[in-house]
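To start, the structure itself, in structure tokens.
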Amino acid sequence: MYLDRRQLILVTGAMAALPMTGLARAAVSQAAELKPMTLPPPITAGERVQRLNRARELMQRLGLGAVLVESGPSLDYFTGIQWWRSERLTGAVIPASGDPIIVTPFFEQPTIKEMLAVPAEIRTWQEDEEPLRLVADFLKERGVATLPVGFEETNRFFLEDRLKQQLPAIHVVSANPVVRSLRMIKSPAELALMQAAADIMAASLRYAGERTREGMTPADINAMIIKANETLGSTSDGGLVLIGEASAYPHGSKQATVVKRGEVVLLDCTCTVHGYQADISRTFVFGDPTAEQRKVWDQVHRGQQIAFAAAKLGAPAGSVDDAVRRTYESWGYGPGYQLPGTSHRTGHGIGMEVHEPVNLVHGETTPLAAGMCFSDEPGIYIPGKFGVRMEDCFHMTDSGPKFFSTPPRSIDEPF
């Protein structure tokens, strides 16, 4: 999936406004009878401490004095603090030596303390005080204010700007060699959570897909997917449900649609288990597929297998996309990212976020390594007609790629 949740609301808002049909209400109600899956435990405090130790080793090797990580997945990754972003800074300053500090508003301190899963001092600021002063003071205390400070790549500009007001000579650099390199390689515990999420997501799509009926809206189908996820043990907002011509556009259309016999239904949904994501797409035809629908479905199925086979340890990530695109062009699609064909990358990284570095896209030189996780979704889109996307995620092992979810076998067995 390539859409964030805010974009998804905009695209599907018109469809979600339609009333749920009686068939959908019954299917949603029946989902409550599903048996919850057994889930792996959340990431432990011990694993987070190990992450901090590895981060400090990398900082010392790179000559960094500290790394600043604000609220978001990376803050959770290192500290266990799950916090949203606002105009008020809540973040961690991780020094190259010693324990980090957590900087947060005074009135948030009790809640932050409850979440904090690693040894760290909480330093608070009042509403009329400058939080970046606390960061600057800490860097001075540790004697690293003259060394480069790494900023996590999603940190907002105002943090750097205001830190430089406190320390004009501070040298801010990218923290990607620390934060990204650690998050990109998943541990066995992370992989177990992603596997559980994939199992639940696949089961939820099957539940909804097998109960899809003529006249249902995207909102109907999404409601079934969300309820199944909830019952099985994950958190999910559903995702994209694209019907008919809307499936020809990777992120759909604002036009209201309903299921009709002979039309494509494309489901692309995500869920979360203890902070780790699954992202799966399934495409089927309600009724009997046409020869063209069957042909394109088979081609995308083949594209998935080509991508999987090309995912070799040490190979540049972009070579996976190149392998798929060569075959698609030999079938008359493209060239490149042109339509009809595949207008988006073959896959994206995935973990605590649905989209993480790096991508399976032309020109990406990062070598594939054990522990990296990707989506595999080389969809084919024919504007004005329909599109087909199958998406299954895989992770790299010492012996090559391994799927989290099993790709469907045929358009007649889409789940």
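The values are calculated or read from the model by the stated rules, or taken from the named source; none is laboratory data. Keep in mind the model is a prediction, meaning the values are calculated, not measured. When we count neighbours, we look across all protein chains shown, and the Cβ atoms used for this are built from the backbone with ideal geometry, even at glycine.
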- Message: Out of the helices (runs of 4 or more DSSP H) lying entirely within segment 111-207, which hold 3 or more residues that are crowded, with 21+ Cβ neighbours inside 10 Å and aliphatic (A, V, I, L, M)?
- Response: 131-141
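Listed here are the residues, each with its yes/no results for (1) at pLDDT 95 or above; (2) of a type in the set (Gly, Ala, Ser); (3) closer than 25 Å to Ala197 by Cα; (4) touching a Pro at 6+ places or on another chain (Cβ under 6 Å).
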residue	(1), (2), (3), (4)
Phe308	yes, no, yes, yes
Lys312	yes, no, yes, no
Gly336	yes, yes, no, no
Gly347	yes, yes, yes, no
Asp376	yes, no, yes, no
- Message: Looking only at segment 27-52, count every residue that is modelled with pLDDT under 95 and surrounded by 12 or more Cβ atoms within 10 Å (Cβ to Cβ) and tell me the total.
- Response: 5
- Query: For segment 80-110, how many residues are among the hydroxyl-bearing types (Ser, Thr, Tyr), over 13 Å from Leu68 (Cβ atoms) and either crowded, with 17+ Cβ neighbours inside 10 Å or outside the structural domain of Thr154 (by TED's automatic domain parsing) (or both)?
  - Reply: 1
- Given the residues Asp288, Asp321, Asp237, Asp298, which is the only one that is assigned to a helix (DSSP H, G or I), surrounded by fewer than 24 Cβ atoms within 10 Å (Cβ to Cβ), acidic (Asp, Glu) and touching a residue at least 24 places away in the same chain (Cβ under 8 Å)? Asp298
- State yes or no: is Lys227 outside any loop (DSSP other than H, G, I, E, B) and free of Cβ contacts under 8 Å to residues at least 40 places away in the same chain? no
- Item | Meets criteria (in the same structural domain as Ile101 (by TED's automatic domain parsing) and out of contact with any Ser or Thr (no Cβ under 9 Å at 6 or more places or on another chain)) for Phe138 | yes
- Criterion: over 21 Å from Asp199 (Cβ atoms) and surrounded by fewer than 17 Cβ atoms within 10 Å (Cβ to Cβ) - qualifying residue of Ser343, Ser330: Ser330
- Item | Scope segment 165-185; condition touching a strand residue (DSSP E or B) at 6+ places or on another chain (Cβ under 6 Å) and under 27 Å from Gly239 (Cα atoms); matching residues | Arg180
- Please list, ordered by first then second residue, the pairs with beta carbon atoms under 7 Å, 6 or more apart or interchain, first in segment 193-213 and outside the structural domain of Ala24 (by TED's automatic domain parsing), second of a type in the set (A, V, I, L, M, F, W, C) and surrounded by fewer than 23 Cβ atoms within 10 Å (Cβ to Cβ). none
- Residues in segment 259-275: is at least one in contact with a strand residue (DSSP E or B) (Cβ under 6 Å, 6 or more places away or on another chain), in a strand (DSSP E or B) and either of a type in the set (Ser, Thr, Tyr) or free of Cβ contacts under 8 Å to residues at least 12 places away in the same chain (or both)? yes
- Task: Scan segment 250-275 for residues that are at pLDDT 95 or above and hydroxyl-bearing (Ser, Thr, Tyr) and jot them down.
- Result: Thr270, Thr272
